[in-house]
Amino acid sequence: GIGALMDFDKFRVGATFKTPFDLKEENEDMGWDVSYSIPQMIGIGASYMASQNLTLAADYEMRKFSDSEITNNETEESESLEWEDINQFRLGAEYLLQSGTNIIPVRLGLATTPTLGVDDNGDQITGINLTAGVGIIMGNINLDLGVEYNTYKFYITDSFTADTYDLSNNYLRFIVAGVFHFGQ
């Protein structure tokens, strides 16, 4: 991949490009030897330092998975995977609190989380992801705590009764991270 970043004092703009590739899956026990074509990725984003302590950011990432194919590596036959494109939008904010010589970053984020599939109405299954976190930077020690909540809503039809159901899939994840710098 390749990327670029332009810095205009309080405003930054970036772009990234990742080349397409083939992902090979081989399982001798199951008799699989296939390759999936993974498309290129293009992303653009920007951040704005609204004040010395507040930074706002947004980015958009695109992958055209609808062009993806699966290829049998033995016969070289290919067919469409009939996947949906993955176009993801993300927003974020970080506010830095000062406590003596320590810095306490407080972060919030929102993102769309599209999947490759569709529900029984033919709509792409897309979720919403909310994140929040707090950290502390004390000299050579950086500690972070975060929480992530993701929700998906989709529709399925019962094949026996033809009844349609509105379902959801949610998860909550807690994240703990630390970085310790040794030396200067």
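The values are calculated or read from the model by the stated rules, or taken from the named source; none is laboratory data. Keep in mind the model is a prediction, meaning the values are calculated, not measured. Here the Cβ is made from the backbone with ideal geometry for all residues, glycine too, and neighbour counts use every protein chain on show. Just so you know, the surface numbers come from the protein's heavy atoms only, side chains and all, with ligands and any DNA or RNA stripped out. Shrake-Rupley method; radii C 1.70, N 1.55, O 1.52, S 1.80 Å.
Remark: relative contact order (the chain) = 12 percent; criterion is Cα-Cα distance under 8 angstrom and separation of 6 or more residues. Between Thr112 and Leu5, the simple label model (points 7 Å from Cα in the Cβ direction) yields a spacing of 2.6 nm. Under 5 Å between amide hydrogens, built in the peptide plane, is the criterion, and for Asn73 it picks out Asp33, Val34, Ser35 among residues at least 5 positions away or on other chains.
Largest accessible area first, the listed residues Leu56, Leu108 line up as Leu108, Leu56 when surface is computed with a 1.4 Å probe on the assembled protein chains. Sorted largest first, the spans of the alpha carbon positions of the range 69-166 along the three principal axes are 63, 42, 19 Å.
Would you mind working out the accessible area per residue for the range 38-152, using a 1.4 Å probe, and quoting it in Å²?
Result: 58 Å² per residue.
Share of Cα-Cα pairs in the chain beyond 23 Å, in percent? Counting pairs separated by more than 23 Å, the tail of P(r) holds 63 percent. Spin-label model, Ser66 to Leu96: label points 7 Å out along the Cα-to-beta-carbon direction sit 4.3 nm apart.
Amide H to amide H, with H built 1.01 Å from N, Glu84 comes under 5 Å of Gly117, counting only residues 5 or more places away or on other chains.
Can you pull the percent of the range 30-113's accessible area that's carbon plus sulfur, 1.4 Å probe, other chains left in place?
With neighbouring chains kept in place, the figure for the range 30-113 is 56 percent.
Cα convex hull, the range 2-81: 115 Å³ per residue, rounded to a whole number.
Subtracting the Cα-Cα distance of Asp120 and Ala50 from their residue separation scaled by 0.36 nm leaves 20.8 nm. What list of ³J(HN,Hα) values in whole Hz, one per residue of the range 163-171 in order, does the Karplus curve 6.51 cos²θ - 1.76 cosθ + 1.60 (θ = phi - 60°) give from phi, with Gly and Pro shown as x? Using θ = phi - 60°, the values come out as 6, 9, 10, 9, 10, 9, 10, 10, 8 Hz.
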